Structures are given as C-alpha cells and as structure tokens.
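**Q** Sharing a structure here in structure tokens format.
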Amino acid sequence: MNDFPVDSAQDDATSLQWNTNISGFTTQAILGDPWNLLYASNQTSYFDTNLTTIPSTATAVLIDWHAFPNRLGQYLGNNAYPANPYKYSDEQLLAIADQHASAAVPIPAFQQIPTQLCPQATWNNDLHMYGPYGPRGWQDEYCEWSVVRDSQSDKITRIDMTCENPEYWNTLWMIDPQKVADVYSSTLSFGAPASAQIVVPVSDLYLLDPATKAAVIDPSTGRPAYNPLNKWNSGPVAVRGSSRNYGGAMHLTSTPNTLQTEMALAGGATIQRNCGNSVPQTLICCAQYGQAYRNSDPHIGQLVNQVVGGQATLGVPSRAALANPTGLYIQVPDLSGFTLPADPKLPAHACAQDCWQIVRGAAALTDPVTGMLFGATTASPQNGGNFVLHAVFQLPASWVAAGVSFTIGDITDDTGLPIQWGGQLIKKMSIGLWARPVPVSAVPASEACVLPPPTGVTPPASPVPPDYAQPLQLFHSAIWNASFNTMVSNPMNAPIPLVSNSTLIAPIVRLGQSNISMVLTCSAKLGPQGQLPVADFGPDVTVVVSHFNDNINYAVPGNSYPSQCASVNLQLSIGANAALGLRGLTLTNYGDPVQAAMPALLNIVPA
C-alpha cells in the first residue's frame, strides 16, 4: 500500500520506518521468551525474509479463517462445547457483536467466562469478565467493523470492514499526520452520498493529556502523538449525516489484533512439539501462543507448525515466515446467496456482490518471489488470494444516482433474513495471511511443551522455568503518562488504559541527545535492600534507572487481557558516535546473571 506518491521523499521515509519495524518484530519473533519460559525461545525455524535467499519455487501458503469472532459463540452462544451457561441465540450474538439492538433483540450483556482454557475451557473454576476489553475488543479475529444506520428507519446504510494493523497507521503518522487525517477522510467517505461525507481534522486524531486536554508532543517526532482510539476509529457504531458525526473502523483496535503479535505467534508456532500438530487445541495449550478458541490463533499456529513439519507442504519440511508484504488481509467473500430487493432502477445483472467494494488494498498481487499471483501455481495460474485491507458494503453510487429506493438493510442474507447487523456480512468473510516456506533438509527436533504450563495444567517437578527480569515495552515518558492515565470506556465496564493500544514500534532518540526521559514496563523485582534492576542498551548509551513501580496494570500489545507488571523510569543519554539503528535492552535483577536482550526496543537516528 502506497499512501504517498511512489519514490517520493515521504514514501521513502515510510518504507524505511516500516522496514525498521518489521526487522525488529522479526528479531523479537525469532528470540521468543528466554526470560520466564522454558522451550519458548531461539525459534530459528522462523526467518527474516530480508536476510534469507528465497528460491523462486517457494510458493506462499494462504492461511485463512472465519472473520466473525468464534469466542462469542464459544463462551456465550448455543451449541458450544464445552457448553456455557448463557446460550445466547444467533441474533443475540449478532446484537452484541454490533452493540446494536433490534426491536425484538436487546443488546445482551458480556458475561463471566473461564480463566482455565486448557486442556479445554472449564466452567467450574475461576471466571473473569469476557475480554478483550475496549470499544471493539470482542472483534478479535484480526477483522473489525463499524456500521452506519439511517437515523429514521434504523436500517443499515453502510458497513466498514478493516484488517489494517495499528503499526502501519502509527508509522504513517510518524511521517505525516495530515496524510493520516486525509486518508481517514477519503476512506470513511468512499462512495458515500454527500450527506454522509466527512472531513477529519487532524486534531481529532491527537493524543490528549487527560488532565489538561492539550495535545501530547511525541519526542520521537516533535509533533503531536497519535490516539489510535480517536473518535473516528472507536467502537462498532458510526453516525453520519448529523451534527455529531463520529465512528468508523480505520484500523484494528482489539488489543491482540497487532502485527507484531501475529509475527510472534508465527515464530512460536514454528517449534515442533512432542504432542504433534494434528489437534489445534492441544497444540496451542502446549506451545502457548495466541488465544484459545479464536478462529485465528489455533488455526494459524497449527498450519505454520505443519508448514515447518512438512505436513502442509507435501512432506517437505521448511523454515517459515510471513511473506512480504507482511500483513493480514481480507479475502473477498462469496455473496451469491444474498438477494437484492426488486427495483426497476437497478442496472441489469445487479447483485449483492456489487455492494462489496474494495477501498484499500487489492484483489490480487503478483508474488515477487514466484512471478505469479500469490496463491497461484503453474497448474492454476489464476487461483490467487486477496490482499484487501479495507472494504465497505454499501449501495454503489451509480445505483443511488439512478434512484434505487432501497438500502443495505433491505438486502437479505443467505438465510432469507434482512441484513440487520454487520455481523451477518462478517460471517461470510475470511481473513488470511501468507506463510512463506523455505525448504530445509530435515524436520527440526521436537521440544516439550512450554513451561510453566497454562492455568489448570499441573506443572512437572522439573525442570524449573527461568525467572529473570524481562523488558516488555519502552515509551517516551510523555507518551506513557498520557496514555496510561487515559482510561478507555468499554461495554464490559472493565478498567483498561489507552496504553494497551500502543505498539512495539521502537521509540526514536537522536545522536547526542541527553537526559531523555523514558519509561520501561517490565517483569522485574527489587533486590533485598531495594536495589534497582540494571538496564543496558549497549555501547554509547548511558542509562540511569529510577522509580521502580510494581503496580502497573495494562494489556501489553498482543495480550487479550490486562495483567500486572512493573515499570522503571529511565534517563538516557546517547553518545555522538553511537551506532545508528535498533537497540536491544538487557534488564538484570540484582544478583542475577545477564540474560538475552529484548530486541528492537530503541531506535537511534542521526541528530
């Protein structure tokens, strides 16, 4: 996706920053977690596509899954196994997914669900509130949507669907905030009638100080910081044609819906396990990547594991990575079962598929490795997959201009019911990623299940997992203070701060800068006399650690729920001759040996 003219200075800057991000995420995916887990690190069957020679025969493998959240049905719906006590109807699940009631179906409440998910969900142990939290947290299959309805009839007029990762939009913001506002405006107004067109002021996208309401300046750029949960990208409801327009779906916001998380999942899934890979629930409980009972994570993990093991590649074992362009993509749905109302103003051969329109991304891309369409083979050269980033479901502008009298809410789905909820369309859709296999001579040796095991599984007496300090995330202090102290409203009424919607893009510092105030979140502890952990970014970076706080609660990007961790304040000074680029961080508790650095936490650029 090029949001700037190709080869322009801004396009080059975006590509440079994006490649830096992907390089860092890849290194993190390969390392895994050597600090607190056993059998979950040195994931070398995942590879860096920029550093690996890929043969032209290495056809990318599409891994796709249903876009409607499976966990809604699993924990709240009928016919789930194990059964839940709530047994919401399909209509109730659609209402809760859209957060919209019909005359016959009120919005049901989110409920308490199991904390123990392995070997299967267990309802007779501890429960907690359904998550992920957030204004669209439950839309957790890497697809999120928002719905516009007519203010008089309450019928749907438009559905926006996105699978764009938040990392890209943060990157674009780093280069040009006004471009972000412009793309918001053009995307959310795409094909809409004049009364539903919007213009997004760039100031609507600013991160604000919760106390003063002033824009927070990001030291990485010297400009106002981005708020990913701004009024145009928050929740499943959008209002148009009024004096209080708001809402839309521009990029993913559910806390596990990040690209870095997806790459980490793929990295973890490359390790072959003693339990085998024939049962996705068994494998995800063993390997502890992702969230059980989603359509996405168990399936992605199983397929990546089978690519590496050779079961998905005709018996040829492989290393694997997400193919370039790295991302997740909406697959074009088959809406042949949807029916339009009769209308004399419709063009000949009009069908519901015409209402599904690609706004961002592409129906197909040529694979630079094979020279054919992604997903195609020499036997089926046109059998490719899709690279759609944002789509809308609305009447084509030409139909409206011709005087067609109905709207989206009058179209019937393949069960004959009018489209009352966006989820009826989402149920027809899939999301996909492309795994790139590179053949190897032998399947890597299998490893035991990750230790410590998940909740409810009895750990073995030995070996004992490590317990070292673990860096989690690094922030400029101004960004941390504003986002940690901004609470996010959500239908679960569960406390969660805006910092849970941050990313692992490395904050930027410059050669020669001194006394840079930063905050590191971490798993760490004080020494017996209150000694602070030691932080080290390598040569020519001086670090002073202070203010340990072990009462931090937020969802580290990629996690489905907030959890407890610690933070320390860091004051950094960068030498004038420091090496440029990404830096990892070692964090060492008092008296412990130094462990592996968390890669790509800091980015040093020229002054």
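What follows is calculated from the coordinates using simple rules that are stated; it is not laboratory data. These numbers come from a predicted model, not from an experiment. So basically every Cβ, Gly included, is an ideal-geometry build from the backbone, and we count neighbours across all protein chains shown.
**Q** Work out the FRET efficiency for residue 223 and residue 525 from their Cβ-Cβ distance, taking R0 = 35 Å, and round it to the nearest 0.05.
**A** According to the calculation, E is roughly 0.40.
**Q** Nearest 20 debye, what's the magnitude of the dipole of the chain about its Cα centre given +1 on Lys and Arg Cβ and -1 on Asp and Glu Cβ? Spell out each step's value before the answer.
**A** Values: 23 positive and 39 negative charges, 71 e Å.
Charge dipole of the chain: 340 debye, to the nearest 20.
**Q** Here's something else I'd like to know. Along the three principal axes, how long is the chain when you take its alpha carbons, biggest first, rounded to the nearest angstrom?
**A** So the extents along the principal axes, rounded to whole Å, are 79, 55, 53.
**Q** To continue, here is another question. Quick one: P(r) of the stretch 554-607 from all Cα-Cα pairs, 10 Å bins, percents rounded to integers, in order of increasing distance.
**A** Reading upward from the zero bin: 17, 38, 35, 10, 0.
**Q** Relative contact order for the stretch 470-605: what is it in percent, counting Cα pairs under 8 Å that are at least 6 residues apart?
**A** On the way: 317 pairs, mean separation 41.3, N = 136.
Computed over the stretch 470-605, the figure is 30 percent.
**Q** So what's the gap between the Cα centers of the stretch 322-371 and the stretch 445-462, to the nearest angstrom?
**A** Centre-to-centre distance over Cα atoms comes out at 44 Å.
**Q** Can you run the Rg to Rh ratio on the stretch 201-359? Use alpha carbon positions and the Kirkwood inverse-distance Rh.
**A** Values: Rg = 22.2 Å, Rh = 20.2 Å.
Using Cα coordinates only, the ratio equals 1.10.
**Q** Take the Cα atoms of the stretch 470-605, build their convex hull, and give its volume per residue in Å³.
**A** On the way: hull volume 14.3 nm³, N = 136.
Per residue, the Cα convex hull of the stretch 470-605 comes to 105 Å³.
**Q** Related question: Against the globular-protein guess of 2.2 N^0.38 Å, express the Cα radius of gyration of the stretch 377-446 as a ratio, rounded to two decimals.
**A** Details: Rg = 20.4 Å, N = 70, 2.2 N^0.38 = 11.1 Å.
Here the Cα radius of gyration is 1.85 times the empirical estimate.
**Q** Oh, and also: How many nm separate the modelled label positions at residue 362 and residue 544, each set 7 Å beyond the Cα in the direction of the Cβ?
**A** If labels sit at residue 362 and residue 544, their model points lie 5.2 nm apart.
**Q** Can you return the lysines within cross-link range of residue 213? Criterion is Cα-Cα under 24 Å, with same-chain partners fewer than 8 residues away left out.
**A** 179, 231
**Q** State the Cα centre-to-centre distance between the stretch 256-272 and the stretch 1-29 in whole Å.
**A** 20
**Q** Can I ask one more? Taking square-rooted eigenvalues a ≥ b ≥ c of the alpha carbon gyration tensor, is the stretch 535-579 rounded, prolate or oblate, where a/c under 1.5 means rounded and, failing that, a/b exceeding b/c means prolate?
**A** Details: a/c = 4.64, a/b = 2.07, b/c = 2.24.
Taking the square roots of the gyration eigenvalues as a ≥ b ≥ c, the stretch 535-579 is oblate.
**Q** Here's a follow-up. Pulled fully out, how much extra length does the chain show between residue 19 and residue 563, if you take 0.36 nm times their separation in residues and subtract their Cα-Cα distance?
**A** Net length gain for the segment: 192.8 nm.
**Q** Counting only the backbone N, which residues of the stretch 151-171 are under 18 Å from the spot 7 Å out from the Cα of residue 412 toward its beta-carbon?
**A** Once the point is set 7 Å along Cα→Cβ of residue 412, 156 turn out to lie under 18 Å by backbone N, inside the stretch 151-171.
**Q** Given the chain, what percent of its DSSP beta bridges are antiparallel, to the nearest 5?
**A** Details: 75 of 83 bridges.
Once the DSSP bridges in the chain are tallied, antiparallel ones form about 90 percent.
**Q** Mind ordering 7-17, 147-157, 492-502 by average Cβ neighbours within 10 Å, highest first? Could you put the intermediate results ahead of the total?
**A** Values: 7-17: 14.4, 147-157: 17.7, 492-502: 20.4.
Going from most to least packed, we get 492-502, 147-157, 7-17.
**Q** Going by a ≥ b ≥ c, the root eigenvalues of the Cα gyration tensor, does the stretch 278-361 fall in the rounded group (a/c under 1.5), the prolate group (a/b larger than b/c) or the oblate group? All intermediate terms of the calculation are to be shown ahead of the outcome.
**A** On the way: a/c = 3.09, a/b = 2.49, b/c = 1.24.
Prolate.
**Q** Given a cut-off of under 8 Å on Cα pairs at least six residues apart, what relative contact order in percent is computed for the stretch 291-333? Intermediate values should be presented prior to the final figure.
**A** On the way: 24 pairs, mean separation 8.7, N = 43.
Reported relative contact order: 20 percent.
**Q** Quickly estimate the mean residue ellipticity at 222 nm for the chain, helices only: each DSSP H run with n ≥ 4 gives -39500 (n - 2.57), and the total goes over all residues, rounded to 500. Don't jump to the answer; show the numbers that get you there.
**A** Working: 11 runs with 112 residues, N = 607.
Value at 222 nm, helices only: -5500 deg cm²/dmol.
**Q** Right, something else. Grab the Cα-Cα distance for residue 577 and residue 534, subtract it from 0.36 nm times how many residues apart they are, and report the gain in nm with one decimal.
**A** Result for the pair: 13.2 nm of gain on full extension.
**Q** Right, another one. On the Cα set of the stretch 51-158, report Rg and Dmax in Å, please.
**A** 18.4, 59
**Q** Which aspartates and glutamates have a Cα lying under 17 Å from the Cα of residue 525, excluding residues fewer than 8 positions away in the same chain?
**A** Partners found: 467, 536, 550, 592.
**Q** With the Cα gyration tensor of the stretch 1-124 in hand, convert its eigenvalues to equivalent ellipsoid semi-axes via √(5λ) and list them largest first in whole Å. Let's see the in-between values first.
**A** On the way: eigenvalues 334, 123, 44 Å².
Output for the stretch 1-124: semi-axes of 41, 25, 15 Å.
**Q** Can you classify the stretch 496-569 as rounded, prolate or oblate using the Cα gyration tensor, where a ≥ b ≥ c are the square roots of its eigenvalues, rounded means a/c under 1.5, and otherwise it's prolate if a/b beats b/c and oblate if not?
**A** Numbers: a/c = 2.47, a/b = 1.21, b/c = 2.04.
Verdict is oblate for the stretch 496-569.
**Q** Once you have the Cα-Cα distance between residue 6 and residue 185, take 0.36 nm times their residue separation minus that, and quote the gain in nm to one decimal.
**A** Details: separation 179, 0.36 × 179 = 64.44 nm, distance 2.10 nm.
Stretched fully, the residue 6-residue 185 segment lengthens by 62.3 nm.
**Q** Mind listing which trypsin sites (Lys or Arg not before Pro) in the stretch 210-248 are in a DSSP loop and have 10 or fewer other Cβ atoms within 10 Å?
**A** On the way: sites: 213, 231, 240, 244; in loops: 213, 231, 240, 244.
For trypsin sites (Lys or Arg not before Pro) across the stretch 210-248 that sit outside H, G, I, E and B with at most 10 neighbouring Cβ atoms in 10 Å, the list reads 213, 244.
**Q** Which order do peptides 286-294, 301-309 fall in by mean Cβ count within 10 Å, highest first? Could the numbers behind the result be given before it?
**A** Details: 286-294: 22.7, 301-309: 24.9.
Most protected by this proxy first, the peptides run 301-309, 286-294.
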